[in-house]
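**Q** Pasting a structure below so you can have a look.
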Amino acid sequence: MNRRDFLKITGILAIGAASHQTAMILLSSEVKGDQAKKKRWAMAISFSACVKREGCRDCIDNCHLIHNVPEFTDNKDKIQWIWSSHYESVFGEQTNMFTKGMLKNLSVLCLCNHCENPPCVKVCPTKATWKNKDGIIMIDYHRCIGCRYCMAACPYDARSFNWKDPKPFIKEINRDFPTRAKGVVEKCNFCEERITQGLLPACVEACPEKALTFGDLNDPESDISRLLKTRFSIQRKPHLGTDPKVFYLF
Amino acid sequence: MIEKAFKGTIGYWLWLCFLSALALAGFISYLRQLDIGLGITGMGRDVSWGLYIANFTFFVGIAASSVVVVLPYYLHDYKKFGDIIILGEFLAVSSVVVTILFILVDLGVPSRVLNVLIYPSPSSLLFWDMVVLTGYLILNIVIGWWSFDAKVKEIEPPIWIKPLVYISIPWAISIHTVTAFIYSGLSAKPLWHTALLAPRFLASAFASGPSVLIVLCFIIRRWFGFNIERDVIKKIAIIVTYALSIHIFFMLAEIYTVLYSDLPSHKSHFEFLFLGVPGNRFLIPWTWGSTVGAIIAFVLFLISHKKNDSLVIFASIITVVSIWLEKGFCLIIGGFVPTPFEEYPKYVPTIFELFITLGIYAAGGLILTILYKTVVSFRQSK
Amino acid sequence: MKKIILGLILFLLVAFLPLGYNIYTGKKAYIPVIKAPEDKKECVENVFIMRKRHNIVLEKWRDASVRHGIKKYVSLNGTYKISLTGTCLGCHSDKTQFCDRCHDYAGVKPRCWDCHNIPDKVAEK
């Protein structure tokens, strides 16, 4: 091979940004097939099933273990992809004097809502966060500059910032998933890396009560579509027009 | 021309050394922040913007306010502002530098700051803020320097300066409007989510910026014997008076709307700011201080035309402090408290954060001193 | 004029000092030696591309996987899973003998390993 041939090949394979991307998309025919039918991933959380085991943290622990989420001791540095909070503070506007007593001990699982109309995405000055074709709100940790505008824009407090190097605070590193570096924002990714492999999200898999249902809203026959058609469900702060993809079932 | 800035009295050099030392201390603190991360500041997962962004907001206002001396001179041919206009423009230059520095130190990964240019995102107000601030900086450097150069050489300023000046007037409005839009466009933060935010920012900018200019005029008179006409300062004081009255009116309009409509999500922020909650009342003195301060300053400005200079200086200083507290500190921190989970976290800046902030002030002060010294030295040599 | 020439000569002397030093000490011909996996013939692309453009290939991998959800890479050499820790380090198992050798020599500090795991290191922990 002479120098010219080499340049030609590198030119096609490794230089032109646009041409290379199209080449890659063409090359991976599997992905092409997928793009035809878009998914709308969503999650339903059943209060009645979740409340059965008091103090259960299986979903949280499994998620944080799989995704190398650090455990900071200082509350102000805390990073969380999925966590639980009191019903009153999550659904403050849905609380009245009676439910206050009734639901006093109900803790509600919170995670990124993967909004259909995400306020965090439009404020990002570098397109480091975006909605992918299946409706998942993604973060590119390679591109994030750490301005934290998305954190201010999120009405659900779903985003955490790496105030310090997280590595020393990860108990056990899962080598199949990258960690994050200091200075970037992170959050739940609806287990994008697992669902492309045909697996369920880590939290859904871990729940001993099957309180979490995950699936495609675009498929009327999926478990979650059927569930939401038959059970009464609420979303967090629906009045903000973000259209959350996490539903809570009574 | 600039060489004039490097000839001065011992006092002048001591002042430069003092500012440099402060800037250096800030820089060293910043190196530490780079090493450890923003975790060394008082910010955290709940109050995720703090002193840096607060100062950024305030200084965008100072930068924008140079328009109040530019506008009368160029649009209304108010020739008396001829001397002060250059001071206003150079104040804008150093303020814009300060705002850019505050944004930079607030970034988690500053080495990636160019991503804003590499992946331009017109849907983000932060992107637009970068565009308008950079543009404003260039406009002010070009206009300020070339018109000053023309004065030194006693020639007419270049023909293209005038169109640039006319562009710079709405541009000044735009920088503070875009800064307000950063906040007011967020449905997640009820305290910021008000259409009045941009007008409020402009009103308070036109009060605080010219107040800074008044104080600076007195300082350079005292230090360099450089006299700005009394009439000019009086005129600026009148501008401040009206801007303050509009600022106070906007504040009251905001408070009425929130309190009368009784919307819990909006009211809770004001309750926290003015009354506090059990266990967290730390913003009360600052909120009340800024509100009462604005009213006192307004009254002082109203009666000051009969009185001596010190009253004007005093009123100007109160105005600056009051608006720094209102637009900078309380607005930014208050926007985050209560959190979406109705918690009331505390935010106290750390010593590193303070040093970095002071360091940036000092850097701005250095630029301002050198630019002003150049102007003053030239004027005195004439 | 004399001063300028003298200054230039002095500058050139200082500028070429390290070069002279290396020639003198025999370090001139130093080339970092990297340990390529023995059982594999070729990487995901041919060796010319990998040697000169591996950074660009990796950037493309990154963007394809993270931003476009493309998890497989098809080249003339075969189909590969897009994974720095899995695929790259799967063959180049000793990062210190491979990546670091050249990067240290050239003073390049890629930030990949701030986040991506090095299997050996994780095991140590």
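Read-outs throughout are calculated quantities, based only on the coordinates presented, and are distinct from any laboratory measurement. The structure displayed is predicted, hence computed values, not measured ones. Because the Cβ atoms are built from the backbone with ideal geometry, glycine has one as well, and the counts that use them run over all protein chains shown.
**Q** Using Cα pairs under 8 angstrom and six or more residues apart, how large is the relative contact order of chain B, in percent?
**A** The normalised contact order for chain B reaches 31 percent.
**Q** Using only alpha carbon pairs under 8 Å that are at least six residues apart, calculate the relative contact order of the stretch A:40-249 and give it in whole percent.
**A** Once normalised by length, the contact order is 33 percent.
**Q** Right, here's the next one. Using only Cα atoms, locate the centre of the stretch C:56-84 and the centre of the stretch A:180-208, then give the distance between them in Å, rounded to an integer.
**A** Their Cα centres are 20 Å away from one another.
**Q** Distance between the C-alpha centers of the stretch B:314-382 and the stretch B:249-307? Whole Å please.
**A** Taking the Cα centre of the stretch B:249-307 as reference, the centre of the stretch B:314-382 is 19 Å away.
**Q** Neighbour counts of other C-beta atoms within 10 Å: give me B:130, C:1, B:43 arranged from fewest to most.
**A** Details: B:130 19, C:1 5, B:43 27.
Lowest count first: C:1, B:130, B:43.
**Q** Just the number, please: percent antiparallel of the DSSP beta bridges in the protein assembly as shown, rounded to the nearest 5.
**A** For the protein assembly as shown, the DSSP antiparallel bridge percentage is about 85.
**Q** So if we plug the beta-carbon distance of residue B:348 and residue C:2 into 1/(1 + (r/R0)^6) with R0 = 56 Å, what FRET efficiency do we get, rounded to 0.05? Could you put the intermediate results ahead of the total?
**A** Values: r = 64 Å, r/R0 = 1.14.
The computed FRET efficiency comes out at 0.30.
**Q** Quote the relative contact order of the stretch B:37-95 in percent (integer), defining contacts as alpha-carbon pairs under 8 Å separated by 6+ residues. Don't skip to the end; give the middle numbers.
**A** Numbers: 35 pairs, mean separation 19.7, N = 59.
Reported relative contact order: 33 percent.
**Q** Please go through the stretch A:160-230 and write out the trypsin sites (Lys or Arg not before Pro) that DSSP classes as loop and that have at most 13 other C-beta atoms within 10 Å.
**A** Values: sites: A:164, A:171, A:175, A:180, A:182, A:187, A:194, A:210, A:226, A:229; in loops: A:164, A:171, A:175, A:180, A:182, A:187, A:210.
Sparse-neighbourhood loop trypsin sites (Lys or Arg not before Pro): A:171, A:210.
**Q** Under 1.5 on a/c is rounded, so check that first for the protein assembly as shown, then, if it is not, pick prolate when a/b is larger than b/c and oblate when it is not; a ≥ b ≥ c are the square roots of the alpha carbon gyration tensor eigenvalues. Write out the running numbers ahead of the final one.
**A** Working: a/c = 2.25, a/b = 1.25, b/c = 1.80.
Oblate.
**Q** Write out the GluC sites (Glu not before Pro) in the stretch A:170-250 meeting two conditions: DSSP loop, and at most 15 other Cβ atoms within 10 Å of their Cβ.
**A** Counting only loop positions with at most 15 other Cβ atoms within 10 Å, the GluC sites (Glu not before Pro) in the stretch A:170-250 are A:172, A:209, A:221.
**Q** If you don't mind, there's one more thing I want to ask. Taking the 0 to 90 degree range and rounding to the nearest ten, how far is the long axis of helix B:84-106 tilted relative to the main principal axis of chain B, both from C-alpha atoms?
**A** Between the helix axis and the principal axis of chain B, the angle is about 40 degrees.
**Q** Here's a follow-up. Test of the criteria: in the stretch B:1-65, which trypsin sites (Lys or Arg not before Pro) are in a DSSP loop and have at most 14 other Cβ atoms within 10 angstrom of their Cβ?
**A** Answer in residue order: B:7.
**Q** Under 1.5 on a/c is rounded, so check that first for the stretch A:148-250, then, if it is not, pick prolate when a/b is larger than b/c and oblate when it is not; a ≥ b ≥ c are the square roots of the alpha carbon gyration tensor eigenvalues.
**A** Values: a/c = 2.45, a/b = 1.43, b/c = 1.71.
In terms of gyration-tensor shape, oblate.
**Q** Right, here's the next one. Cβ under 12 Å from residue B:360's Cβ, residue B:360 left aside: what net charge do those residues give with Lys, Arg +1 and Asp, Glu -1?
**A** Value of the local net charge: -2.
**Q** Order of B:220, B:238 from fewest to most other C-beta atoms within 10 Å?
**A** Working: B:220 19, B:238 15.
Lowest to highest Cβ neighbour count: B:238, B:220.
**Q** So for B:260, A:156, B:242, fewest C-beta neighbours within 10 Å to most, what's the order?
**A** With the fewest neighbours first, B:260, A:156, B:242 line up as B:260, B:242, A:156.
**Q** Helix B:264-274 versus the longest principal axis of chain B: what angle, 0 to 90°, nearest 10, using Cα atoms?
**A** Its long axis makes an angle of about 60 degrees.
**Q** Right, here's the next one. Considering only Cα-Cα distances, which of the following residue pairs are longer than 23 Å: A:76/A:122; A:76/A:167; B:80/B:151?
**A** With Cα atoms farther than 23 Å apart: A:76/A:122.
**Q** Please work out whether the stretch A:40-249 counts as rounded, prolate or oblate from its C-alpha gyration tensor, where a ≥ b ≥ c are the square roots of the eigenvalues and a/c under 1.5 means rounded, while otherwise a/b larger than b/c means prolate and anything else oblate?
**A** rounded
**Q** Against the longest principal axis of chain B, how steep is helix B:10-36, in degrees 0 to 90 to the nearest 10, with axes from Cα atoms?
**A** Here the helix axis deviates by roughly 30 degrees.
**Q** For the stretch B:10-58 and the stretch A:59-125, compute the distance between their C-alpha centroids and round to whole Å.
**A** Spelled out, the Cα-based centre of one part sits 33 Å from the other.
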